[in-house]
Amino acid sequence: MELQFRNDGLGCLREAVWEVKNEEQTQEVKLPDTMPDIGKVLGSWGQVLLRGKEWRGSGMSVSGGVMAWVLYLPEGETEPRSVEAWIPFSIRWDFPQTDRDGAIMAEALIKSIDARSVSARKLMVRSVVSVAGCALVPTVAELFTPDSVPEDVYLRSFTYPMLIPSESGEKTFDLDEELLLPAGCQNARRLLHFSMDPEITDQKLMADKVVFRGVAHIHALCKCEDGILKSCHLEIPFSQYGDLEREYDPNAVARIVPSVTNLDMELQENGMLRIKAGLVGQYVIYQQKQVTVVQDAYSPHRSVKLHTTQLQLPSVLEQKQEHIQAEQLLEGITGELVDVFCVAEQPRLDRRGEGVDVELPGAFQALFYDAEGNLSSGSVRYTQQRRMDMPGDVKLTATCHIMGLPQGDVGMDGIRMWQDMSLNTTVTAEAGMEMVTGLEIGEVTPPAADRPSLILRRVGEESLWEMAKHYGSTEDAIRSANGLTDDPTPGQILIIPVA
């Protein structure tokens, strides 16, 4: 007799690719005729904008650009000038052909940005963008469940709590605000560079909606009326929600990745800063499921042949967000600190034995007035190290997100700079698990005449299930005969009733 299990398809998102890619681009920038010749390049800054994502069947692409600013001192002058540039990027990931389009998650960071003069009228600006790209394909995983089996056929089932990616999407929104500049920047006359870093502070699921709140951290470097440079920090709170395809229970969770898609700032005559920005909250919804899988079967009275397959169900074992602080000292600098800029790379992962070394590299740049009152700059790299213990049969992915704005102060030994960040890690199961999909059950056969009714067996490495299957008994019968309430201890003698 053949017994086919019922296939209860489980909708989920399968990861087609997850990979960090870097792209370096250079842009030649000519000075406008109205600007003086370049004497000394002081520093460069950038804001990455995520403009587009495209699915192409056998791959995906993410595009955008870096809004770049270069600050320089003209030849023979002390008043700095700022030059703007737009550096586009486009990165492609390849993966096996898919039957339907999926969703793209992208987290972009500026890995580095620098500039140099190639002539008195020309700059060469170089930026490196680091993007963690993930392609999620909607699929239906096969999950086999028995409808009914004969009473003398015993099934060994395991129930696993799984966090399964179920839905992905994004919520786009705009910010249009006028904010009062801080007291020290009220007489600002020009913006030399600006940036925005969105941070999600709270998120939850409400039936068929994902709701999130956050703060857009604003940073701007201003040239004031007296020619002095000052930086200012501002914040814009935001609250948004996105409609989901279905309702989720309270155990479901969301992961939201915010990105800036467009940004413009303008000084107003009344001491206000006008900010126009486009943002997107990319999200993945994970559903908590108790998944029951039949992994073995037998009968004491008849032959049982198993039909099996591998359960290929994307399962998140752990998601974690760790707050870290990158810190570094620019030694030997005294004077007045004007501005701090931080760039961060996506984490580098190196598996070693039963663990993964996580490296978080990046760099700080400081703009300051030295002890003689001259405007100058300096940079220094940093590296954060983490060790994460985990078995070799799981996969770790990690991304870094800058939180808030970089800070700094001047001490006796130099300029100390620091930046808050979040290290976001996801641990997923790599290998599938054996799953019974059906049984071939033979006819009942009478036991042999010389078959004993009881067997004494010393407990070794075999489980109760394995002993019951081997000797034609049942787990319940063995427990009852030996008065067991827990698993037996190694070396214990057990009475095994034979059916």
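The values are calculated or read from the model by the stated rules, or taken from the named source; none is laboratory data. Because the structure is predicted, anything quoted here is derived from the model rather than measured. A quick note on method: Cβ atoms are made from the backbone with ideal geometry, for glycine too, and the neighbour counts reach across all protein chains shown. Note: accessible area is taken over every heavy atom of the protein model, side chains too, but ligands, DNA and RNA are not part of it. Shrake-Rupley method; radii C 1.70, N 1.55, O 1.52, S 1.80 Å.
For the reader, a short list of remarks on this structure follows.
- Flag for T437 being out of contact with any Asp or Glu (no Cβ under 6 Å at 6 or more places or on another chain), touching a residue at least 60 places away in the same chain (Cβ under 8 Å) and within 30 Å of F364 (Cα to Cα): no
- Meets criteria (farther than 23 Å from R255 by Cβ, surrounded by 16 or more Cβ atoms within 10 Å (Cβ to Cβ), over 19 Å from the mean Cα position of the chain (by Cα) and not small (G, A, S)) for H193: yes
- Output for the stretch 268-307, where each listed residue is open to solvent by 20 Å² or more (accessible area, probe 1.4 Å), over 30 Å from T159 (Cβ atoms) and either at pLDDT 95 or above or not in a strand (DSSP E or B) (or both): Q268, E269, N270, R274, K276
- Consider the stretch 376-408 and keep the residues that are open to solvent by less than 40 Å² (accessible area, probe 1.4 Å) and touching a Pro at 6+ places or on another chain (Cβ under 6 Å). The one that is nearest to C222 (Cα to Cα) is C400.
- Scanning the stretch 278-311 for residues that are under 30 Å from P237 (Cα atoms), within 21 Å of the chain's Cα centre (by Cα) and not hydrophobic (A, V, I, L, M, F, W, C) yields G281, Q282, Y283, Y286, Q287.
- Selection of first residues in the stretch 261-274 that are without any contact (Cβ under 8 Å) to a residue 60 or more places away in the chain and at positive phi and of second residues that are open to solvent by less than 70 Å² (accessible area, probe 1.4 Å) and outside any strand (DSSP E or B), restricted to Cβ pairs under 9 Å at least 6 apart or on distinct chains, gives an empty result.
- Some residue of the stretch 193-201 being free of Cβ contacts under 8 Å to residues at least 60 places away in the same chain and part of a strand (DSSP E or B): yes
- Residues that are open to solvent by less than 20 Å² (accessible area, probe 1.4 Å), closer than 25 Å to V316 by Cα and out of contact with any His (no Cβ under 9 Å at 6 or more places or on another chain) do not occur anywhere in the stretch 63-80.
- For the criterion of being within 21 Å of Y72 (Cα to Cα) and either at pLDDT 95 or above or outside any loop (DSSP other than H, G, I, E, B) (or both), K223 passes.
- Applying a threshold of 7 Å to beta carbon distances and a minimum spacing of six or more residues, or different chains, the list of pairs starting in the stretch 350-374 at a residue that is within 17 Å of E19 (Cα to Cα) and ending at one that is of a type outside the set (V, I, T) and not in a strand (DSSP E or B) reads V356/M390; V358/P347; E359/P347; L360/P347.
- Residues satisfying the stated conditions in the stretch 137-190, i.e. in a strand (DSSP E or B), under 30 Å from S239 (Cβ atoms) and open to solvent by 70 Å² or more (accessible area, probe 1.4 Å): E170, T172, D174, D176, E177, E178, L180
- Qualifying residue in the stretch 211-225 (condition: open to solvent by 30 Å² or more (accessible area, probe 1.4 Å), closer than 21 Å to V66 by Cα and touching a helix residue (DSSP H, G or I) at 6+ places or on another chain (Cβ under 9 Å)): no
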